[in-house]
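J.: Provided herewith is a single structure, encoded as structure tokens, for subsequent inquiry.
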Amino acid sequence: MNISIIGAGYVGLSTGLVLASLGNEVFFIDTDKEKVKRLKKGRLPFQEPLVEELLRIGIKNNSVKFDFTYSGTIPKSEIVFICVSTPPKVNGEADLRYLKNAVKEIAKNLSKKFITIVIKSTVPVGTAGWVRKFLKRTGKNNVAVISNPEFLREGKAVEDTLMPDRIIIGSDSSRASKFLIDLYNPIVKQTFENIIEERSDDEIPLVLTTNESAELIKYASNAFLTTKISFINEIANIAENIGADISDVARGVGLDPRIGDKFLNAGLGWGGSCFPKDTRALHQVAGNSGYMPVLLKAVIEVNNEQKYRFLHKIVENLGGEVSDKTIAVFGLAFKADTDDVRESPGIEIINRLEEIGAKIRAFDPMAVENAKLLFKNRNVELYKDPYEAVKTADVLVITTEWSQFKNLDLNKLKKLLKRAIIIDGRNLFNPAQMKKAGFKYISVGRK
Ligand code: UGA
């Protein structure tokens, strides 16, 4: 099929490059000329396993093309995916500026033939309805609008696109739904070749529904996951007060298949480009619809509070004053296996510590370059070597769940640190073993 992808960001590139690898011809349109130039040379604007490889293959076999105008591509396309960002406004609502611009540009360039517009960006309920009305008003009737939310995780973009847990198609046009079902057939049937070794044993479930339900499924999924994390963090705080161990508690709770063991890691809470934005947006949408979302409000509050509790632990363990202290922080990315620092709990901790006068020496396996942009002219030194970062530091603070941190040479760390204290916001180590290794070790929800 001939496909256009509007927005060559995380979701757009991962989706488009996977679709190209399945035998489609894919045009990417992005208004950022620099990005388009780099992509044409096979260079990604972010780090993500397998995506760069797919980009190189797509360029080599001519199945992907990049442009910053709509006129050359839209008239040729059978399907147009909208994958632009929907950043938060000050009040938490999703800002639909980029999406609306994309729709206007698509409308200007539509030919007479039937075309399916697929909204992949995370958008408030009612957005597909708005797009449909807008197109009707401008006299474009041979168009269908589908809501097809994206559930991929950063660091696992290609696997999640090829082996999703489900595919949601919200539509009021059976003709357009059929197009999309055909497009996704190699994924649903797990018959794609060569890209990754693994395959799901079962067919991927397809949920056919209305646009509104599809839009709400995306928000509800992310909100449920944030609820799960905030819930376990609340239990961790209770565990800490009463002397229980949250790792054992989470394991015991998660073994109930109705609950499940995923997303029960207590710690510093959730961050990133999606969870905070989407949870706040759903909270705002609910308020606008006349419903006060009591649970969502608490989920957000627990997540904010979690970082302050952790800060308190750092200050307390440094004798109540940090202005004369140097603090090594391991973890700048919002989670492991990504260089993304957006709404990273680690960055938030560094900002607050710096505000109260601490000197920071930070390390991250992938995110140092991105963090440099945030810490220009600041009292924060960034290191690409963990042992360099801890030199002369009074304490080591862990803020991201990188598995590499578990393999660090503890003896070496102890020698380099001024005091053998580790404050772990991701519960990476076993408290008894750390005690044996000679550290004062403080974590979340454990003695
Ligand atoms: C998340 C969802 O997992 C995806 O399904 C969704 O498609 C995506 O948002 C999106 O809406 O685009 P992602 O932001 O890549 O994906 O990150 P996650 O792996 O979900 O982690 C989010 C945050 O939760 C991280 O800060 C992580 O450290 C934290 N987390 C995760 C915990 O604190 N505890 C856990 O048990 C799990």
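J.: If I model a spin label at GLU381 and PHE46 as a point 7 Å from the Cα along the Cα→Cβ vector, what separation in nanometres do I get?
T.: Output for this residue pair reads 3.1 nm.
J.: Next question, about the same structure. Within 12 Å, Cβ to Cβ, of LEU39, how many net charges do the neighbouring residues add up to if Lys/Arg are +1 and Asp/Glu are -1?
T.: Here the charged neighbours net out to +4.
J.: Hey, got a sec? Which trypsin sites (Lys or Arg not before Pro) in the range 1-49 land in a DSSP loop and have at most 15 other Cβ atoms within 10 Å?
T.: Counting only loop positions with at most 15 other Cβ atoms within 10 Å, the trypsin sites (Lys or Arg not before Pro) in the range 1-49 are LYS41, ARG43.
J.: Ordering VAL249, VAL123 by accessible area with a probe of 1.4 Å, largest first, what comes out?
T.: I get VAL249, VAL123, largest accessible area first.
J.: Among the aspartates and glutamates, which have Cα under 16 Å from the Cα of LYS133 when same-chain residues fewer than 8 positions away are ignored?
T.: Straight-distance partners of LYS133: GLU105, ASP172, GLU212.
J.: Hey, another quick one. Keeping every protein chain present and rolling a 1.4 Å probe, give me the accessible area per residue for the chain in Å².
T.: Here the residues of the chain average 46 Å² of exposed surface.
J.: Rounded to the nearest 10 Å², what accessible area does LEU417 have for a 1.4 Å probe in the complete protein model?
T.: Answer for LEU417: close to 10 Å² accessible.
J.: May I ask you to give the percent of accessible area on the range 92-195 that is carbon plus sulfur, with a probe radius of 1.4 Å?
T.: Details: 2130 of 4540 Å².
Roughly 47 percent, rounded to a whole number.
J.: Rounded to the nearest 0.05, what FRET efficiency do THR392 and ALA437 give with R0 = 22 Å and r taken as the Cβ-Cβ distance? Could you check? Each step should come with its number before you reach the end.
T.: Numbers: r = 20 Å, r/R0 = 0.93.
In this case the efficiency is close to 0.60.
J.: What does the charge count around PHE375 come to, taking other residues whose C-beta lies under 11 Å from its C-beta (Lys +1, Arg +1, Asp -1, Glu -1)?
T.: Around PHE375, the surrounding residues sum to +1.
J.: In Å and whole numbers, how far do the C-alpha atoms of the range 22-62 stretch along each principal axis, longest first?
T.: Reported extents, whole Å, longest axis first: 26, 21, 13.
J.: Another question about this same structure. Find the centroid of the Cα atoms in the range 76-95 and in the range 326-362, then give the distance between the two in whole Å.
T.: Using only Cα atoms, the two centres lie 29 Å from each other.
J.: If I model a spin label at ASP248 and THR191 as a point 7 Å from the Cα along the Cα→Cβ vector, what separation in nanometres do I get?
T.: 5.2
J.: A follow-up question, please. For the range 201-244, just say rounded, prolate or oblate: build the C-alpha gyration tensor, square-root its eigenvalues into a ≥ b ≥ c, call rounded for a/c under 1.5, and beyond that prolate if a/b exceeds b/c, oblate if not. Walk me through the intermediate numbers first.
T.: Values: a/c = 7.69, a/b = 2.37, b/c = 3.24.
Oblate shape, in that a/c is at least 1.5 and b/c is the bigger or equal ratio.
J.: Provide the convex hull volume over Cα atoms per residue for the chain, in Å³.
T.: Per residue, the Cα convex hull of the chain comes to 158 Å³.
J.: Quick one: with all protein chains in place, what share of the accessible area of the range 201-315 is carbon or sulfur, to the nearest percent (1.4 Å probe)? Display every interim value, and only then the final one.
T.: Values: 3610 of 5980 Å².
C and S atoms contribute 60 percent here.
J.: Let me ask something else. Taking 0.36 nm per intervening residue step and subtracting the Cα-Cα distance, what contour gain separates SER323 from LYS447 on full extension?
T.: On the way: separation 124, 0.36 × 124 = 44.64 nm, distance 2.73 nm.
My answer for the length gained is 41.9 nm.
J.: Now, a different point. Can you flag which of LYS156/LYS189; LYS33/LYS65; LYS218/LYS307; LYS415/LYS436; LYS60/LYS384 are past 23 Å Cα-Cα?
T.: Flagged as over cut-off: LYS218/LYS307; LYS60/LYS384.
J.: What does the extension gain come out to for GLU369 and LEU408, with contour length at 0.36 nm per residue minus their alpha carbon separation?
T.: So the chain would gain 11.9 nm between GLU369 and LEU408.
J.: Next question. What distance in nm separates the two pseudo spin-label positions at ASN2 and ASN304, each 7 Å out from Cα along the beta-carbon direction?
T.: 5.0
J.: Further, regarding this structure: May I ask you to order 291-300, 214-223 by the average number of other C-beta atoms within 10 Å around their residues, highest value first?
T.: The densest-packed peptide leads the list: 214-223, 291-300.
J.: If Lys and Arg each add +1 and Asp and Glu each add -1, what is the summed charge of the other residues whose beta carbon sits under 12 Å from the beta carbon of GLU212?
T.: Counting the neighbours of GLU212, the net charge comes to 0.
The values are calculated or read from the model by the stated rules, or taken from the named source; none is laboratory data. Quantities reported herein were computed from a predicted structural model and do not represent experimental measurements. When we count neighbours, we look across all protein chains shown, and the Cβ atoms used for this are built from the backbone with ideal geometry, even at glycine. Accessible surface is based on the protein model in full, side chains and every heavy atom, while ligands, DNA and RNA are left aside. Shrake-Rupley method; radii C 1.70, N 1.55, O 1.52, S 1.80 Å.
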